[in-house]
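One structure below.
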Amino acid sequence: MSRWLPDSHARLEDAALELFAERGFDAVSTTEIAQRAGLSKATFFRYFHDKPEVLFWGQDLLADTFRQAIAGAPSDASPLQLVGAAVLAADGIFDADRHRHAALRARLIASSASLGERAGRKRAVLAAAMTDALRARNVADGTADLTGMVGAAIYGAAYERWAASPVYRSFADLAQHEFDLTVLAAADMSARPRASR
């Protein structure tokens with residue numbers, strides 16, 4: 001088997017997800033994934049450091065995208081606008097090809113406590129990436145922490161809707177909707193309570 005066939009990452013991902021759909025995540029080995037893809041087990045580990053990474057790859061790319069969007073946003077943007085720009089910048093990552101397996105990924109993660117925990121750690125990493133980028137823009141620590149968590153929540157809600165859609169939808173449209181809801185909620189939180197009659 002050649003170790004250098006083109007599109008090895010995509011072939012391994014497709015093979016893994018096919019096998020997971022057929023037999024469940026736990027019942028599939030990395031050797032079986034590599035064999036289904038027509039590649040070696042060593043090639044699998046060149047692209048994925050473990051089996052769960054097939055479901056979670058792209059975290060570093062996403063975190064970098066968030067950081068770059070926050071760093072490159074207008075100087076007068078509010079912290080909330082900065083994380084909104086970060087989440088919208090992820091649109092290019094979530095294309096139609098990635099959407100093909102999104103619902104299956106979500107089902108597999110929801111079916112396993114350990115995968116659910118890993119998803120939680122991934123969200124924490126993404127929140128930290130936004131928080132660090134906000135601090136680099138001189139946003140105060142407390143505000144940066146809270147806004148980073150809000151940004152991760154906006155991303156998470158948009159991603160869930162995107163993955164659950166039976167047809168491909170623009171991630172940016174869904175992210176904008178979640179951002180708008182967050183802005184409205186923030187306005188409600190800062191409004192004075194109405195006097196009782």
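The values are calculated or read from the model by the stated rules, or taken from the named source; none is laboratory data. Given the structure is predicted, the values throughout are model-derived calculations rather than measurements. Every residue, glycine as well, gets a Cβ built from its backbone with ideal geometry; the counts of neighbours run over all protein chains shown. For the accessible areas, the whole protein counts, side chains as well, though only heavy atoms, and no ligand, DNA or RNA atoms are used. Shrake-Rupley method; radii C 1.70, N 1.55, O 1.52, S 1.80 Å.
What the Cα atoms of region 128-191 give is an Rg and a Dmax of 13.5, 41 Å. Surface composition of the chain: carbon plus sulfur atoms hold 55% of the accessible area, using a 1.4 angstrom probe and ignoring ligands, DNA and RNA. As a length-normalised measure over Cα pairs under 8 Å and 6 or more apart, the relative contact order of region 18-129 settles at 24 percent. Given +1 at the Cβ of Lys and Arg, -1 at the Cβ of Asp and Glu and no other charges, the dipole of region 121-197 around its Cα centre is 180 debye to the nearest 20.
The mean accessible area for residues of region 24-148, using a 1.4 Å probe and ignoring ligands and nucleic acids, is 48 Å² per residue. Restricting the calculation to Cα atoms, the chain shows an Rg/Rh of 1.06 when the hydrodynamic-style radius is the Kirkwood one. Mean sequence separation of contacting Cα pairs (under 8 Å, at least six apart), scaled by the length of the chain, corresponds to a relative contact order of 19 percent.
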